[in-house]
Amino acid sequence: MQNFKLNDQDLLSNQDWTFPTFTAYGPGRFKEIGKFCKNFKITNPLIVIDSGSTKLPFINDLQNLLSDAKIKSKIYSNISPNPRDDEIDGGCKVFKEGNHDAIIAIGGGSAMDGGKAISLTVNSGIPLWDFEFLDKVPRDLKGTNPFPKLITIPTTAGTGAETEITAMVTDTKKGMKFCLWHPEARPCLALVDPELTLKLPANLTAWTGIDAMIHAIEGYSVPLFHPLCDGSALESLNLISKSLYLAVEEPDNLVARGGMIVGSYLGGVAFLKGLGLVHAISHMVGAEYNTHHGLTNAIILPAVMEYNLPGLEEKVKRMSEAMQFTDHSVDSFKNNLNQMLDRLKIPNGLNEIGVPEDCYERIAKKSMLDQAYGQNPKKATLDEVKELTLKSIKKAR
Ligand SMILES: NC(=O)c1ccc[n+]([C@@H]2O[C@H](COP(=O)([O-])OP(=O)(O)OC[C@H]3O[C@@H](n4cnc5c(N)ncnc54)[C@H](O)[C@@H]3O)[C@@H](O)[C@H]2O)c1
Ligand SMILES: [Fe+2]
């Protein structure tokens with residue numbers, strides 16, 4: 001992966017997009033939050049953040065910007081790195097007690113997923129876990145506005161979670177993480193400002209950036225015809241390959257931060273088509289051991305690529321071209337990804353981040369219940385998932 005030139009002019013200018021949801025992109029757009037709230041007739045939003053973000057400067061800035069626009073707000077910060085159902089219940093309580101009329105979910109995927117999950121269940125009258133459905137969409141929605149207005153503001157790049165309503169939440173009774181969503185709900189605004197990521201530390205820039213890349217790789221590998229998602233996946237890989245090292249190694253490089261946050265946004269579109277075994281295994285590891293999502297994925301990636309890529313030669317060629325690699329063979333693609341993980345200092349095995357070897361059978365069984373398992377390009381048997389999980393724990397590359 002090389003640092004080919006990014007388009008400075010595009011990445012440093014303001015853009016408004018209406019697909020997949022209304023999106024305001026550009027450095028400094030954050031300052032427009034008061035105006036946007038007024039446009040959407042939001043008067044009393046609940047700001048949802050994760051518990052690690054309370055001291056980050058943009059949270060205070062957000063409250064000041066809202067207050068300057070004469071909009072009152074309150075913060076709900078009880079969201080952990082892998083949001084839990086009891087934390088969503090707590091947020092709903094605060095939302096109702098404060099008579100809030102909207103949610104502003106600001107932060108990484110955890111905060112945005114927390115805010116999204118609260119918005120799904122708080123007014124609709126539908127229990128949280130009914131949004132984890134495989135075929136029957138919950139239709140019995142209460143009232144004319146079952147989902148309060150939702151604004152998503154990403155501060156990592158990232159999950160792409162700002163583009164849609166999907167929320168990953170841990171079911172504390174089952175010790176498993178599931179995807180919640182509803183086809184009629186989506187953010188009214190995604191406010192995507194690369195300046196908010198300038199202070200993201202190098203390790204989180206790398207971990208969240210690799211998560212974005214994996215969204216594009218897994219999404220593109222899903223065997224379905226979805227040209228909108230596939231086009232987004234390839235452009236995501238193009239931008240990430242040009243920006244990730246720069247964003248990690250030159251944290252103040254706003255063009256690279258722009259390339260990463262747009263690459264991540266496009267990755268979020270790409271995986272609306274589906275994901276694969278990296279995410280299926282990672283969700284269950286995250287639910288049990290509360291590991292960082294992007295880091296967990298990054299460690300698992302080589303083991304799953306070794307298993308998935310043979311047979312996907314045509315797709316590998318397109319991804320490899322998008323990433324500006326020179327040799328487009330499967331072996332070379334795997335090697336390039338591994339070199340990237342080395343350069344970004346990703347550990348070799350999950351055991352290095354506190355995941356014990358003896359959990360592999362249990363994690364493998366749970367992974368097969370994840371939606372992403374069924375979307376993987378190869379149907380893995382239980383034995384194969386066990387082997388991939390064990391390899392990811394001991395030595396994935
Ligand atoms: N819904 C989706 O589409 C989707 C997709 C992928 C991942 N996810 C979920 O997202 C979560 C992971 O999100 P993430 O990788 O963004 O990490 P995160 O939201 O857990 O954030 C990680 C840490 O970074 C800190 N942080 C965030 N922005 C910062 C900034 N600008 N400067 C300094 N620190 C900052 C946070 O406070 C937190 O401590 C997982 O729960 C995962 O399941 C959701
Ligand atoms: Fe992810």
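Taken together, the values in this text are just the output of simple stated rules run on the coordinates, not laboratory data. Every value quoted in this text rests on a predicted model; they were computed, and no experiment measured them. With ideal geometry, Cβ positions are generated from the backbone for all residues, glycine too; neighbour counts draw on all protein chains shown.
Could you sort out which of K5/K394; K317/K386; K70/K142; K96/K199; K41/K74; K116/K177 sit more than 27 Å apart by Cα distance in this structure? Let's see the in-between values first.
Numbers: K5/K394 38 Å; K317/K386 29 Å; K70/K142 30 Å; K96/K199 33 Å; K41/K74 17 Å; K116/K177 15 Å.
Beyond 27 Å: K5/K394; K317/K386; K70/K142; K96/K199.
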How large is log10 of I(q)/I(0) for the chain at q = 0.07, 0.10, 0.13 Å⁻¹ when the intensity is taken from the Debye formula with one equal scatterer per alpha-carbon? -0.29, -0.60, -1.04
Suppose the Debye formula is applied to equal point scatterers at every Cα of the stretch 201-394; what is log10 I(q)/I(0) at q = 0.14, 0.16, 0.17 Å⁻¹? -0.73, -0.96, -1.09
Under Karplus coefficients 6.51, -1.76 and 1.60, residue-wise ³J(HN,Hα) of the stretch 116-126 in Hz, glycine/proline x: 5, 5, 4, 5, 5, 9, 5, 10, 6, x, 9
Mind listing the phi-derived Karplus ³J(HN,Hα) values for the stretch 296-301, rounded to whole Hz, using 6.51, -1.76 and 1.60 with θ = phi - 60°, and x for any glycine or proline? 4, 4, 4, 5, 6, 3
For the stretch 29-192, just the Cα atoms, rotate onto the principal axes and tell me the three extents in Å, largest first. 44, 34, 27
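State the extension gain, in nm to one decimal, for the chain segment bounded by Q324 and L198, taking 0.36 nm per residue of separation less the distance between their alpha-carbons. Walk me through the numbers before you get to the answer.
On the way: separation 126, 0.36 × 126 = 45.36 nm, distance 2.55 nm.
Answer, rounded to one decimal: 42.8 nm.
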Exposure-ranked with fewest Cβ neighbours within 10 Å first, M284, M368 stand as M368, M284
Which number do you get for Rg(Cα) / (2.2 N^0.38 Å) in the stretch 345-397? 1.15
Computed from the beta carbon distance with a Förster radius of 30 Å, FRET efficiency for E352 and E314 to the nearest 0.05 stands at 0.30
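Relative contact order (percent) for the chain, with alpha-carbon contacts under 8 angstrom and 6 or more residues of separation? Walk me through the numbers on the way to the answer.
Working: 826 pairs, mean separation 64.0, N = 397.
Value for the chain: 16 percent.
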D10-E250 pseudo-label distance in nm [points 7 Å out on the Cα-to-Cβ vector]: 1.9 nm
Placed amide H near A102: partners under 5 Å, 5+ positions off or other chain: N44, L46
Estimated inter-spin distance, E306 and R362, nm [label 7 Å along Cα→Cβ]: 2.5 nm
Nearest 5 is fine: what % of DSSP beta bridges in the chain come out antiparallel, could you say? 30 percent
In Hz, Karplus ³J(HN,Hα) per residue of the stretch 86-95 (6.51, -1.76, 1.60; θ = phi - 60°; x = Gly, Pro): 5, 5, 5, 4, x, x, 5, 4, 5, 4
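Can you give the extra length, in nm with one decimal, that the chain gains between D342 and K38 once fully stretched, where that is 0.36 nm per residue apart less the Cα-Cα distance?
Working: separation 304, 0.36 × 304 = 109.44 nm, distance 4.67 nm.
Full-extension gain reported as 104.8 nm.
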Using only Cα atoms, locate the centre of the stretch 316-353 and the centre of the stretch 160-209, then give the distance between them in Å, rounded to an integer. 24 Å
